[in-house]
1. Assuming a ≥ b ≥ c are the square roots of the Cα gyration tensor eigenvalues, decide whether the range 1-54 counts as rounded (a/c under 1.5), prolate (otherwise, with a/b larger than b/c) or oblate.
2. From the C-alpha coordinates alone, can you work out the Kirkwood hydrodynamic radius of the range 207-311, in Å?
3. May I ask for the Rg/Rh ratio of the range 269-315, computed from Cα atoms with Rh as the Kirkwood radius, given to two decimals?
4. Based on the alpha carbon coordinates of the range 135-200, what radius of gyration and maximum Cα-Cα distance (Dmax) apply, in Å?
5. Residue 296 to residue 209: FRET efficiency via 1/(1 + (r/R0)^6), r the Cβ-Cβ distance, R0 35 Å, to the nearest 0.05?
6. Working out 0.36 nm times the residue gap between residue 136 and residue 279, then minus their Cα-Cα distance, what length gain in nm do you get to one decimal?
7. Report the extension gain between residue 240 and residue 201 in nm, rounded to one decimal, defined as 0.36 nm multiplied by the number of residues separating them, less their alpha carbon distance.
8. Need the full-extension length gain, residue 59 to residue 220, defined as separation in residues times 0.36 nm minus the C-alpha distance. One decimal, nm.
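Taken together, the values in this text are just the output of simple stated rules run on the coordinates, not laboratory data. Just so you know, these numbers come straight off a predicted model, no measurement behind them. Glycine also receives a Cβ, built like all others from the backbone with ideal geometry; neighbour counts cover every protein chain displayed.
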């Protein structure tokens, strides 16, 4: 009789996914071979624990296991009526197949015919050869780390550290796949992968749109009217920016090639970059300025301008 996978992890059949995952992590860390060198019993327990989590940690497989569609090793069970009735060895009568299939020498042969390689997939020690389960992590990096690239380290369920290289230009919600860094396979099967979903924290000033950077840049009234050379921050450092004369709030200036690095195409030596867009915002003094008010009163008398002309008839 196959072992109850819930009992292996020490949880009830009604346990939530989080409870199953927590139980697995605690048991895997306690029994991992690296932490118990030479302890064969711990190694066997670790294999059972990993095998149990391979099924119960996957919602679809867990459902099939609960419904009896697969057994504790993940193998599909034959449909009702497809089982064999073996002969009594003493009677000498050949066994008859209720499904009409040809006779088999043993149960392994029957499963081979019914399920192909899945019936022959036994690996080391008779354990079924199964690929290890993928594991998922969420990794948070700040905005500039996502732009320039960064190396991070996460702790796996078994307590081991995993070094992750986040490439420059990765955006919020993208995932990295680390081949073979997931759960160990069973019966000599390959290890699963580690899937790292990246969460990027917002920047105080920069906004990302594709490979371009956008930002609002405050300028004073004199700079807007007379034009100016000012310093503007970018993801690669400060640059000198020319503000044209008579620049209104909302005017957008483009800094070519100052955005996010784009992925290199085949044969390309240098990564192309997006652009940096600066939206000007005219900002008046915090406190009322008597000289400015007096000047504007005189100026307005001879320079009346209807700046809302385009809005007439809008409603």
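1. oblate
2. It works out to 16.3 Å.
3. Using Cα coordinates only, the ratio equals 1.27.
4. 12.8, 44
5. With R0 = 35 Å, the Cβ-Cβ based efficiency is 0.45.
6. Extra length available between residue 136 and residue 279 comes to 47.6 nm.
7. 11.3 nm
8. Here the segment from residue 59 to residue 220 would lengthen by 52.1 nm.
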